[in-house]
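Read through the structure below, which is laid out as structure tokens, and then see the notes.
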Amino acid sequence: MVVAGLSPDELVVFGIIIVALVLFVSEVIPNDVTAIGIIASLVVLGPWTGVDARGAISGFANPATVTIIAMYMLSAGIQNTGLVQRLGIKLAAFTKGRESRALAATVCTTGPVAGFINNTPVVAVFIPVISDLAKKTGISPSKLLLPLSFAAILGGTLTLIGTSTNILASDLARLLIDERTGIGMFEFTALGVVILLVGIVYLLTVGRRLTPARVPADADLVAEFDLEDHLTVVRVSDGSPAVGSTVTGVSD
């Protein structure tokens, strides 16, 4: 049976894609659950999708996947060293409370760093640092957080490992074009440098005026983002055995 020029197998695959898009956009269920559910659906509907159990999990052994996981581990390790916190102190000293300096410090730091550490974890690691910098500078966090994201995206064009998309594209190129090398580590660095420099200039000039101040600098973030129901305050009395203990020690 063929419907609208499509075979049953194609209809099943397109159906899975549509459901996946709806779930990812609506976030009715967590995205990780959706992703696992898609894999399971492909296997269960194997007679139509042509995917067996081995094929469904083969992606986890893909070199690109392993490389992306390694980049996240590297980012976590750098964060645990305290290097990012020390960098935040240096940035705060450099800005001297001026918005223009804070913006320059944000984009000129995160852009190049994102080229050598996957840009997604770079944004995650720098969010607390830049938020604290915005507070010390007295400007809206969005005036720095949005440029932070844009600079990290632009910085991801510097090297092969700058973004997960580059790594996946290299693996695809290796399979389809050159089975030995794929895309080189610095193959598009020259173009990436131009893109990053143009982007930084734009963010420091035109972009600075267009970036909205979504949250006032002196706003109570707990009230602003309706976090009251997700926070708990615990008061320790003077005679409590927990006095002088760390949170980890008390929980143990």
Residue match in the range 130-138 (condition: of a type in the set (Lys, Arg), part of a helix (DSSP H, G or I) and touching a helix residue (DSSP H, G or I) at 6+ places or on another chain (Cβ under 6 Å)): yes
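Which helices (runs of 4 or more DSSP H) does the range 49-124 wholly contain that include 3 or more residues that are under 23 Å from the mean Cα position of the chain (by Cα) and modelled with pLDDT under 85?
63-80, 83-95
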All positions within the range 90-146 that are open to solvent by less than 30 Å² (accessible area, probe 1.4 Å) and among the hydroxyl-bearing types (Ser, Thr, Tyr): Thr95, Thr106, Thr109, Thr110, Thr137, Ser140, Ser142
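Quick test for you: out of Gly115, Gly111, Gly182, pick the one residue that is in contact (Cβ under 8 Å) with a residue 12 or more places away in the chain, at positive phi and small (Gly, Ala, Ser).
On the way: Gly115 fails: at positive phi; Gly111 fails: at positive phi.
Every option except Gly182 fails the conditions.
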The lone exception for Ser26 - which of (1) under 26 Å from Asn166 (Cβ atoms); (2) open to solvent by less than 80 Å² (accessible area, probe 1.4 Å); (3) without any contact (Cβ under 8 Å) to a residue 24 or more places away in the chain it fails: (1)
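Would you check if Thr67 is open to solvent by less than 40 Å² (accessible area, probe 1.4 Å) and hydroxyl-bearing (Ser, Thr, Tyr)? Walk me through how you get there before you give the answer.
On the way: open to solvent by less than 40 Å² (accessible area, probe 1.4 Å): no; hydroxyl-bearing (Ser, Thr, Tyr): yes.
The answer is no for Thr67.
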Yes/no for Leu196 being at pLDDT 90 or above, under 30 Å from Pro63 (Cα atoms) and not small (Gly, Ala, Ser): yes
Residues of the range 151-183 that turn out to be among the small types (Gly, Ala, Ser) and open to solvent by 30 Å² or more (accessible area, probe 1.4 Å), as a count: 1
Tally, over the range 139-155, of residues that are part of a helix (DSSP H, G or I) and of a type in the set (Ser, Thr, Tyr): 2
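The values are calculated or read from the model by the stated rules, or taken from the named source; none is laboratory data. Just so we're clear, the structure is a prediction, and the values are computed from it rather than from any experiment. Every residue, glycine among them, receives a Cβ derived from its backbone with ideal geometry; neighbour counts consider all protein chains shown. Areas reflect the complete protein model, heavy atoms only, side chains present, ligands, DNA and RNA absent. Shrake-Rupley method; radii C 1.70, N 1.55, O 1.52, S 1.80 Å.
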